[in-house]
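Asker: Input: one structure, supplied below.
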Amino acid sequence: MVSKIDGKLFAEMIIQGAQNLSNHADLVDSLNVYPVPDGDTGTNMNLTMTSGREAVENNLSQHIGELGKTYSKGLLMGARGNSGVILSQLFRGFCKNLEEYDVIDAKQFAESFKAGVDTAYKAIMKPVEGTILTVARDAADAAMRKAEETDDCITLMADILEAAEISLENTPNLLPVLKEVGVVDSGGKGLAIVYEGFLKALKGETVSDKAPKLNKDSLVNEEHDFHGVINTEDIVYGYCTEMMVRFGKNKKSFDEHNFREDMSAFGDSLLVINDDEIVKVHVHTEKPGDVFNYGQQYGELIKLKVENMREQHREVVKKASDSHSAKQAEEPTTVETAVIAISMGGGITDLFKSMGATHMISGGQTMNPSTEDIVKVIDQSQCKRAIILPNNKNILMASEQAADIVEAETVVIPTKSIPQGIAALFNYDESDSLDANKSRMVESLQAVRSGSVTYAVRDTKIDGVEIKKDAFMGLVEDKIVTSNADQFETTKGLLAEMIHEDSEIITMIVGEDADDAVTSNIEAWLEETYPEVELDQHDGQQPVYQYLFSVE
């Protein structure tokens, strides 16, 4: 029997819970609903839990309240992905309830589980039942009932684990997509595994270290290293050029199709956005003056910007040569307003930087940055204001958590895809206020429809689509709409679903594993099937997804 839990015993529970999760992270990953190669719930929860464990191991305290503060901070800073953030919130509330205690009894133990659930539900804008939240709530309710019957923390924890496992088995009845695919909720499974470790520790048992520990550093990709990729003289279009034109009377009539076609002759990385009053242009060119002269045919030039990318490249190379390590070549950029974009590929990173992003964090599917990763970038920038573009739905919560922690006034633009991030950044104006930028950037997301092509990691059926392992899949936002063993056929099916009669522009971002022949076939098919729609193509070099698309 264990009637009291102090800091030492709680630390052992944390250590055993973390080890148990580490041993089963791959199992939790495999429960991902969609058969895409990015099932990272187990990885994210494991890295989050490991961060909390390491904080505790480095700052042990007999006082359970003090230890709880350490654990909560470790989880908070290490939280990755939505599952990791929710886990950190569950134990944030749990540990908040412990703050005043040296030791706790069974009733206080149960109350802490309940406090954790309350905190997590408040932190989630739209809680979904049939997820980790449901499992945590059902387990906490069982704890409160059992605490009326027993003073033994072992008995209490056993009841909590049993309730969590029963709730977990019921998740497919609450969330139809789980039943369709034939899995239980992955986050709920991860939580039950942590609770199993807690119970073992209370019983004096040790979880075996049977699985190799993940190298956390290998899962946090560093910023793309540009200076070694190309020579300065190899840059074909040397000037990153932007302009805004306010349409004027007695000027050339604006036709977006003709304008875009004419502008494409000036260079590459072309982006064009317009409304009834203005057109905004971004292009890499050799002759910025020609771009401006052309734009002036349509009206008044109101904002111009030119950056010499060759000179920027020389500066990077110079800094690298002055350093003994390429990784230490460049000091963190300090700015008044930091624009931080999460990127998944060297080409996409190049594009974000050329559009005004001041700081990049490598991440995306399979490699979600932690709250601490984002906080460090903001702190190192020494900025007064910050804008975060998560560009992935699974990084959104960690971004919001980072925004709450930092001293700088920070806003998160809820971009859930790379195309949304591009659209938002195109509407950023460094001379405008933070609130005005947020409003404009958020509004721009409404006009973007995102799609992607990747491959399946297992057989399944979801949303009425039969999917075979290793076949290609087309997703609109995060819904699988087509699957085929032939990549070109899959892509055609995806684009046919995305393109409507009002569509004007298709942006295609080509990944590192894309086949050149397939890319050429896509271009030819689009030109023949949708001649009225413009194609804007970029070499994104992103992993996992052969193609990313947006339709506007």
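Asker: What number goes with the only condition from (1) touching a Ser or Thr at 6+ places or on another chain (Cβ under 9 Å); (2) exposed (fewer than 15 other Cβ atoms within 10 Å of the Cβ); (3) basic (Lys, Arg) that Lys416 does not pass?
Answerer: Evaluating Lys416 over (1) touching a Ser or Thr at 6+ places or on another chain (Cβ under 9 Å); (2) exposed (fewer than 15 other Cβ atoms within 10 Å of the Cβ); (3) basic (Lys, Arg) leaves (2) as the failure.
Asker: Just give me the residues in region 368-386 being touching a Ser or Thr at 6+ places or on another chain (Cβ under 9 Å) and either without any contact (Cβ under 8 Å) to a residue 60 or more places away in the chain or of a type in the set (S, T, N, Q) (or both), in sequence order.
Answerer: Asn368, Ser370, Thr371, Ile374, Ile378, Gln380, Ser381, Gln382, Cys383, Lys384, Arg385, Ala386
Asker: Give me the helices (runs of 4 or more DSSP H) completely within region 364-465, filtered to those with at least 3 residues that are touching a Cys at 6+ places or on another chain (Cβ under 6 Å) and in the same structural domain as Gly78 (by TED's automatic domain parsing), ordered by residue number.
Answerer: Fully inside region 364-465 and qualifying: nothing.
Asker: Answer yes if at least one residue in region 39-51 is surrounded by 22 or more Cβ atoms within 10 Å (Cβ to Cβ), outside any helix (DSSP H, G or I) and assigned by TED's automatic domain parsing to the domain that holds Asp102, and no otherwise.
Answerer: Looking through region 39-51, at least one residue is surrounded by 22 or more Cβ atoms within 10 Å (Cβ to Cβ), outside any helix (DSSP H, G or I) and assigned by TED's automatic domain parsing to the domain that holds Asp102.
Asker: Quick test of your reading of the structure: Thr70 fulfils all but one of (1) surrounded by fewer than 24 Cβ atoms within 10 Å (Cβ to Cβ); (2) under 19 Å from the mean Cα position of the chain (by Cα); (3) of a type in the set (S, T, N, Q). Name the failing condition by number.
Answerer: Here Thr70 clears every test but (2).
Asker: Looking only at region 103-142, count every residue that is among the acidic types (Asp, Glu), assigned to a loop (DSSP other than H, G, I, E, B) and in contact with a helix residue (DSSP H, G or I) (Cβ under 6 Å, 6 or more places away or on another chain) and tell me the total.
Answerer: 1
Asker: Hey, can you tell me all the residues within region 171-205 that are surrounded by fewer than 17 Cβ atoms within 10 Å (Cβ to Cβ) and either farther than 23 Å from Lys4 by Cα or not assigned by TED's automatic domain parsing to the domain that holds Ser88 (or both)?
Answerer: Asn173, Leu174, Pro176, Val177, Lys179, Glu180, Gly182
Asker: Please verify whether region 493-516 includes one or more residues that are farther than 18 Å from Pro419 by Cβ, buried (at least 17 other Cβ atoms within 10 Å of the Cβ) and among the β-branched types (Val, Ile, Thr).
Answerer: Scanning region 493-516 turns up no residue that is farther than 18 Å from Pro419 by Cβ, buried (at least 17 other Cβ atoms within 10 Å of the Cβ) and among the β-branched types (Val, Ile, Thr).
Asker: Now for a different question. Restricted to region 234-272, and to residues that are among the aromatic types (Phe, Trp, Tyr) and not in a loop (DSSP other than H, G, I, E, B), which residue is nearest to the chain's Cα centre (by Cα)?
Answerer: The qualifying residue nearest to the chain's Cα centre (by Cα) is Tyr239.
Asker: Select from region 512-534 the residues that are in a loop (DSSP other than H, G, I, E, B) and in contact (Cβ under 8 Å) with a residue 12 or more places away in the chain and list them in ascending order.
Answerer: Passing the criteria: Glu512, Asp513, Ala514, Asp515, Tyr530, Glu532, Val533.
Asker: Select from region 481-506 the residues that are small (Gly, Ala, Ser) and part of a loop (DSSP other than H, G, I, E, B) and write down the one among them that is modelled with the highest pLDDT.
Answerer: Applying the filter and picking the extreme gives Ala485.
Asker: How many residues, within region 273-304, are surrounded by fewer than 19 Cβ atoms within 10 Å (Cβ to Cβ), in a strand (DSSP E or B) and not basic (Lys, Arg)?
Answerer: Residues that pass the stated criteria total 7.
Asker: Okay, moving on. Condition first: touching a residue at least 60 places away in the same chain (Cβ under 8 Å) and among the β-branched types (Val, Ile, Thr). Can you find one or more residues in region 53-68 that meet it?
Answerer: no
The values are calculated or read from the model by the stated rules, or taken from the named source; none is laboratory data. Note that this is a predicted model, so its numbers are computed, not measured. Cβ coordinates were reconstructed from backbone atoms using ideal geometry, including for glycine residues, and neighbour counts include every protein chain displayed.
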